[in-house]
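**Student:** Below you'll find the structure I mean.
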Amino acid sequence: MALTQQLARVSQQYLDRCRQVATAASDGDPDWDPPDEDTLDLDWAIWQLLAFYRRMQPDAWQIAVVERSIRGDRSDTIAFLDHPGVYDGFDGPPALLAPAAVTEVAHALAGMDIGHLLERLPAYRDLGGFSAFSGDPRAYLAEHFDLLQRFYGIAGRRGMAVVVWVD
């Protein structure tokens, strides 16, 4: 089973409904099922992008932004999502970025351009990076980073929260 980074854009009303359902359900199932258009599976691309940043530009401010975008801000406010119906329990429970935090992250991601970092890809590969990746991973990384930027941009404009987890 492959583990992948998951994100969902949700409204406070949706979270409140899931909390109420979980409280009423004998097994605590929150009936978590956000619409497909508000979910994003980033596969493992963002984890590899973070490893790439850490190795090639360890002091880059972008590292903290990308980490926050996929780790969220730990809070007990969504503890009801710590349920097998939401994630497989391999990693920590889902985490939340409230709408104000989503706007901050969206703005920071919009200001990022990974093109300069991708220019350093040959040196990273010489150091052993992407050893299991056949071919050039530039397009893969750029595509998934673009998806992350757009996902947060939409969430920020719509005033939504983002729930993050690994599944």
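**Student:** Of everything in region 67-77, what is open to solvent by 60 Å² or more (accessible area, probe 1.4 Å) and modelled with pLDDT of 95 or more? Give them in sequence order.
**Tutor:** Within region 67-77, 68, 71 qualify.
**Student:** When you go through (1) in contact with a Phe, Trp or Tyr (Cβ under 8 Å, 6 or more places away or on another chain); (2) at pLDDT 90 or above; (3) open to solvent by 50 Å² or more (accessible area, probe 1.4 Å) one by one for residue 58, which number turns out not to apply?
**Tutor:** (1)
**Student:** Taking the stated definitions as given, is residue 63 surrounded by fewer than 17 Cβ atoms within 10 Å (Cβ to Cβ) and within 26 Å of residue 157 (Cβ to Cβ)?
**Tutor:** yes
**Student:** I want to confirm something. Restricting to region 3-47 and keeping residues that are over 20 Å from residue 102 (Cα atoms) and either among the β-branched types (Val, Ile, Thr) or within 16 Å of the chain's Cα centre (by Cα) (or both), which single residue is surrounded by the most Cβ atoms within 10 Å (Cβ to Cβ)?
**Tutor:** Among residues in region 3-47 that are over 20 Å from residue 102 (Cα atoms) and either among the β-branched types (Val, Ile, Thr) or within 16 Å of the chain's Cα centre (by Cα) (or both), the one surrounded by the most Cβ atoms within 10 Å (Cβ to Cβ) is 45.
The values are calculated or read from the model by the stated rules, or taken from the named source; none is laboratory data. Because the structure is a prediction, the values reported are computed rather than measured. Note that we place each Cβ from the backbone using ideal geometry, even for glycine, and neighbour counts take in every protein chain shown. What goes into the accessible areas is simple: the full protein's heavy atoms, side chains included, and nothing from ligands, DNA or RNA. Shrake-Rupley method; radii C 1.70, N 1.55, O 1.52, S 1.80 Å.
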